[in-house]
1. Step through the residues of segment B:53-62 one at a time and calculate ³J(HN,Hα) from phi using the Karplus curve (6.51 cos²θ - 1.76 cosθ + 1.60, θ = phi - 60°), rounding each to whole Hz and writing x for Gly and Pro.
2. Determine the shape class of segment A:37-107: with a ≥ b ≥ c the square roots of the Cα gyration tensor eigenvalues, call it rounded for a/c under 1.5, and otherwise prolate if a/b is greater than b/c, oblate otherwise.
3. With all distinct Cα pairs included, what does the Kirkwood hydrodynamic radius of segment A:47-188 come out to in Å, to one decimal, could you say?
4. Can you pull a Stokes-Einstein diffusion coefficient for segment A:147-202 at 20 °C (1.002 mPa s), Rh from Kirkwood over Cα pairs, as a whole number of µm²/s?
5. In terms of modelled amide H atoms, which long-range or inter-chain residues lie less than 5 Å from the amide H of A:GLN551?
6. Output the 0 to 90 degree angle, nearest 10, between the alpha-carbon long axis of helix A:34-45 and the longest principal axis computed from the alpha carbons of chain A.
7. Once label points are set 7 Å from the Cα along Cα→Cβ at both B:ARG140 and B:ALA154, what is their separation, rounded to one decimal in nm?
8. Ratio to report: Rg/Rh of segment A:459-558, with Cα atoms as the point set and Rh obtained by the Kirkwood method; give two decimals.
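What follows draws every value from the coordinates through simple rules; no lab data is involved. Predicted model, so just to flag it, every value in this text is computed and none were measured. Positions of Cβ are generated from backbone atoms using ideal geometry, with glycine treated the same way; all protein chains shown enter the neighbour counts.
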Amino acid sequence: MEDYRIRVKIFIGLILVVLSVLGLRLVKLQIVDASAYSGESRSNAIREVRVLPARGVFYDRNDVLLVDNEPTYTVTLTPRYFNRSRVGLLAELLGVPDSVVTRKLEEAWQWSAFKASPSFREVPFDVLSRILEHRAELPGVEYLVAPKRRYLTEARAAHAFGYVREITPAELEKRRADGYRAGDLIGQAGLEKHYETELRGRPGIEYKQVNVHGLVVKPYRDGAEDVPPVNGYDLRLTIDSKLQALAESLFVHKRGAAVALDPRTGGILALVSEPDFDPRLFSKSIPRETWQYLTQSPEKPMFNRATMSGLPPGSTWKPFMALMALQEGVIDEHTIITCRGGYTLGRRVFHDHGGHAHGPINVRQAIQHSCNTFFFTVMMRTDVNTWSRWAKRFGFGRRIPMDLAEQSPGLIPDSSYYDRVYPRGWTAGYTINLGIGQGDMVVTPMQLARYTAAVANGGTLYPPHLVDRLEHPETGEVVRPELPAPEHLPVDPGFFEVVRDGMRLVMEAGTGQYVQIPGISSGGKTGTAQASGGRKDHSLFVLFAPVDDPQIAVAVVVENGGFGATQAAPIASLMVEQYLTGDVGPQRRWLIPYVMKMESEPLPE
Amino acid sequence: MRTWYRNLDYVALFLWMALVAVGLTAIYSTTHGPASEFLLESVQKNFERQMVWAGISLFGIVVALLLPVPFYQKAAYPIYALTMLLLVAALVAGREVNGAKSWLYLGPIGLQVSELAKVGTVLAVAQLLSSRRTQTHNVRYAVFAVALVALPAALIVLQNDMGTALVFFGLMPILLYWSGLPLHTLVLMTSPALAAYLAIVYWPAAVAFAVLFTLGMHWQMRERYVTALAGLFTGGTVAAVTLALTKVLQPYQVARILSFTNPEAKEFRDNVGFHLVQSKAAIGSGGLLGKGFMEGTQTQGAYVPEQSTDFIFSVIGEEWGFIGAMVVLTLFALFLIRLVVLGAQIKHPFGVMVASGAVGIYLIHIFINVGMATGLLPVIGIPLPFLSYGGSALLANTAMFAIALTLHMRRDDFSIYGY
């Protein structure tokens, strides 16, 4: 019996040993290695679903909604759960060849086996519902609602607003740390690019529990760990959408640009660059021919002419010359210069338009009649470096600090420029044309508009801007964009009076008299700039109104449009009327189709 | 007058109920979670069915308690014969489930007859080894006992249910142990199993074990033939396993055997290692406190195959954590020890053999099942007693427990001629 009792004890000991071995194994799995296995089970069963925030929308200065978002359906593939034998079924439902589904599946594998890749964009709702009917047969196939930009008014302002499109692999590489993922939209130009961070908001994350077949079974921990998305800021723009739409329509058949500013703030009321493009094109992959036109056509539709094209300003330069000369003491407001229809320098004669002789005239009359001889004389009395310094003070020859990054500085030469470009020497004959806005100088339409606004407001260069403020749609938080301080021109206010007077005379009895705005006093200046390649001149016009209390300043450029008064002037005039009165009066309605019929001289293929 | 049930051991009965309740809770979680709609229809009603089986089992305990001691002694061989017939019948007319032909259908009710065979075998061996015999016949009886176990084991091997057959092989040394076989013989008999396990997991350890075991036996026994046998058993096993793994078996078979040591390896994790990867992830991610009832992501996502049957332990490990898993192991420890103590109190060899045979079967199941779920052993498809879903197993395991409980309650009724 002694032996029997020992056997009972040994047996109990065996039971305890066996269960202790299992217990120790549990210590190893559940205590020592718990975190590793937690990670494993998490990557198994918890799927991160990103919740995209609503991209900020655009309002114009009158609270008109210009750009918002609409939902589109994107079908996603999660390769790990997708059953390859169902490629045919999915392809049939989507109405694409099997090879497309296979290719999308490969792409999805490249990115992640366990995460849903957005594979088919803008799937129509009826197709989506048919896919959902087959949901049980299509594990790893899900959908998400992707927002798409919707453009609500006729004001397209393609270059100002820019566009959004799917992030490219190269950009993704750089911006993954900012939370971008394949298939995300990203602003590519204009405001969409400049305010990308603010517009985009912050994506949220929802954790979903999926089963072994990859089907979502419920929110993980009832959403306790979810991160809600933060919507982007809405942009409150300075744009006047009606003005913008009118200006764009006036530019049909033309190449060129128009910029309208509020001279009291620098707010951009309209920004036109034509030809333009439809920003909607970029929401899907672009057909080859369209892409070729957009990128390779000599018309350069993607090029923002308003801030990037450089043209000689032509006679729109004369108000600047007058201000410089008055301030420098080269002339005073009563100085009389006699115009004999041209200025003789050595053996060369620099002519007035059509050799027209204006006789003895003062600075007001010289602006009114756009007399070249007067300003040739002024230029001859001015050192080129003095001229250059003043031009730069007026904002030419340098980039404008503003919320459009796509800019060119233009060209304002000085003596060192001439030394470099003409190493065999140069004379006054090389620089005299600068006095009438020709020669080795170019300015952008934006610079012209800003200068016109400064003339109108008595010498303050405001920073042009498209965004008045950013408003958060939920919190109502308002953020003002940081703008550089306005620059004040060191010019006597009285001299501005003189020049504005001259520009008023242009509209009342000068080169702009045919585009005078009924009932509104305005100040303008025509410009005709020689085009390269022997083509038709560029047509320019600057305009501000009303003269007593300027509320709008416009610069219009029509490439190869001829004399300034014929094409640019009516566009500028109609824009100002539209803005100040909210409409175009009945007696000038005929002018709109008339202007629309005018064309830029076509470019050779 | 003292009531007939005055000797009933309520502690053991309570522990049985607790284990069954834990099992039902875990099964409920696998079939009634938020994701239950995605489960196979055949699985969705597992909880309800197991409730019915638990009720039948409880009723069975009551019936068993009402039956007298001599009934069990007299019925031992007929029951054994009946279960052997059922095994043959299953082999002939059974239905194949998961590759094993071990199911016999009586109308809509399926019976896994290999489970029932355990009851018959334990009773028959107990009857054999408790019959009067002289000391000189010990060896002959031991051989008979082994034959009684080997017959169902062989039939079950023919059914292709290796896991269950393994339980029978494991049962042999335990029954022989209680029949009084010398300890060193038992140690010698079981040494090849340990040697084989080590040879699969880490061969240097197997070689070291073989050398140390042989030297130990030599030092303890000082008998040349024992030393020779020890060396032959352990060394031979190590050599045989190594040879089998490198030369004899096909690569896919080797992969299947070896995969449990490293199921996470890229070549295993989606096929032969999938069960173990998922089960270990479930248990390991449960951590100390578990994810909570019906909150296990692995369980609710049905990642572990067979989670309501063979892998029920992964559900407990994930949802109730280390604490919960240890509670289950502790319940098992208390239950098994209680049964051993009850058997010892019976003082009649039939009772001792029934109780310890049942405990042996439970212990082998628990070790293999939990060892498999935690990745300590390869995937061997046998259920966790009282917890896994499965009517036949619950009924058979409860039957053995009920008989032991009855024999203990009625221990005064044993014929004094019994021993």
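1. Those phi angles translate into 4, 5, x, 4, 4, 4, 4, x, 4, 4 Hz.
2. Oblate is the answer for segment A:37-107, as a/c is 1.5 or above yet b/c matches or exceeds a/b.
3. By the Kirkwood definition, the hydrodynamic radius is 16.7 Å.
4. On the way: Rh = 11.9 Å.
For these conditions, the coefficient is 180 µm²/s.
5. The answer is A:ALA545.
6. That helix lies at roughly 70 degrees to the long axis.
7. Between B:ARG140 and B:ALA154, the label points sit 2.1 nm apart.
8. 1.11
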